[in-house]
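Below is one structure, written out as structure tokens; comments come after it.
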């Protein structure tokens, strides 16, 4: 199992366990886990309603692609540890990561 921690908009942290080898992105896992993720564009990196801040484990994630970086660049609350959950494929490298939801748009 891949274990991550998700901090919601109220600052409450909860563990989420994800089966290894699952072919989903973080946005899909968060939605399936009951988190209020709009994902208006359906995971195409066009709306940023799935923005998360990586509190721990950023170094274990693949670098953001140009389309994701372009979207993050226009967000006023994005920082160096911001990512779009739709662009993060769930892998074993995420084990132990902590993500803070930034979906209060």
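Any read-out appearing in this document is the output of simple, stated calculations on the displayed coordinates, not a laboratory observation. Given the structure is predicted, the values throughout are model-derived calculations rather than measurements. Note: ideal-geometry Cβ built from the backbone for every residue, glycine included; neighbour counts use all protein chains shown.
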Q: Report, largest value first, the span of the C-alpha coordinates of region 1-58 along each principal axis, in whole Å.
A: 29, 29, 23
Q: Give the percent of DSSP beta bridges with both residues in region 2-101 that are antiparallel, rounded to the nearest 5.
A: 80
Q.
Please compute the length gained on full extension between residue 81 and residue 56, using 0.36 nm multiplied by the number of residues separating them and subtracting their Cα-Cα distance.
A. 8.1 nm
**Q.** Neighbour-count order for 73, 8, fewest beta carbons within 10 angstrom listed first
**A.** 73, 8
Q: Would you kindly state how much longer the chain becomes between residue 95 and residue 7 on full extension, computed as 0.36 nm times their sequence separation minus their alpha carbon distance, in nm to one decimal?
A: 30.1 nm
Q: Give the share of C-alpha pairs in each 10 angstrom bin for region 58-105, from 0 to the last occupied bin, in whole percents, shortest bins first.
A: 23, 58, 19, 0
Q: Please build a GNM for the chain, connecting alpha carbons under 10 Å apart, and tell me which residue among 48, 78, 32 fluctuates the most.
A: 32
